[in-house]
Amino acid sequence: MLSKVYLESGFGVFEITGSHKGVRSVRLVEEADFDDAKVAGCVKECAIQLEEYFKKKRETFKLKFDWSDKPEFHKKVWDELVKVPYGRTCSYLDIAEKLGDKNAVRAVGQANRNNPIAIIVPCHRVVAKNGDLQGYFYGLDMKQKLLEHENPMQFGRQISLF
């Protein structure tokens, strides 16, 4: 049975689901159904850790994942994503090469697009080989905001005075 909890943040409302095996999804939602239902410990812990991340009090997550019924290649990509350090980026090609196939760049992009655990499995940290922001299921503006959140000196937007 899946448990569910919602977390409000400056980035929006996130729905967190999980099972006895671990966190299954973290996704941005339009509206929340806040209730007092009993939730699994992993879901509560995920909400706590995610809230700490948003408050800049956490850079790494210590959670178990439940990737039941997900493709093996996607799981391998996601395992690499959690190794990308806070505030840093890598390219789709970097991930493909770590998996032993530099021609798997598009497949890495597809795995990123299907990542069920936003932010914690940090697909927002993956950029094009030339450093450009590409594809993010919540849009490039959200990707930019997450990167700014983690590393404002490198990813902060410049403003014009005139």
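The values are calculated or read from the model by the stated rules, or taken from the named source; none is laboratory data. Quick caveat, the model's predicted, so the values are computed rather than measured. Heads up, the Cβs are rebuilt from the backbone with ideal geometry, glycines too, and the neighbour counts pull from every protein chain shown. SASA here: full protein model, heavy atoms, side chains in, ligands and nucleic acids out. Shrake-Rupley method; radii C 1.70, N 1.55, O 1.52, S 1.80 Å.
Quick notes on this one:
- Within the assembled protein chains, the solvent-accessible surface assigned to Y86 is about 40 Å², based on a 1.4 Å probe.
- Among G139, N114, N151 the positive-end extreme of the charge dipole of the stretch 55-153 (Cβ point charges): N151
- Neighbour net charge for A111 - beta-carbon separation under 12 angstrom, K R +1, D E -1: +2
- Length-normalised contact order of the chain in % [C-alpha pairs under 8 Å, at least 6 apart]: 18 percent
- The simple spin-label model puts a point 7 Å past each Cα toward its Cβ; for Q134 and R58 those points are separated by 3.1 nm.
- Overall, the accessible surface of the chain at a probe of 1.4 angstrom is composed of carbon and sulfur to the extent of 49 percent.
- Rounded to the nearest 20 debye, the dipole magnitude of the stretch 1-106 is 480 debye, with +1 charges on Lys and Arg beta carbons, -1 on Asp and Glu beta carbons, and the Cα centre as origin.
- Calculated accessible area for the chain comes out at 60 Å² per residue, all protein chains present (probe 1.4 Å; ligands, DNA, RNA ignored).
- Residue pairs exceeding 29 angstrom between C-alpha atoms, taken from K55/K102; K21/K129; K4/K129; K62/K145; K4/K57: K55/K102; K21/K129; K4/K129.
- Environment charge at V127 (Cβ cut-off 12 Å; Lys +1, Arg +1, Asp -1, Glu -1): +2
- Structural descriptor for the stretch 74-162: relative contact order 28 percent, calculated from alpha carbon pairs under 8 angstrom and at least 6 residues apart.
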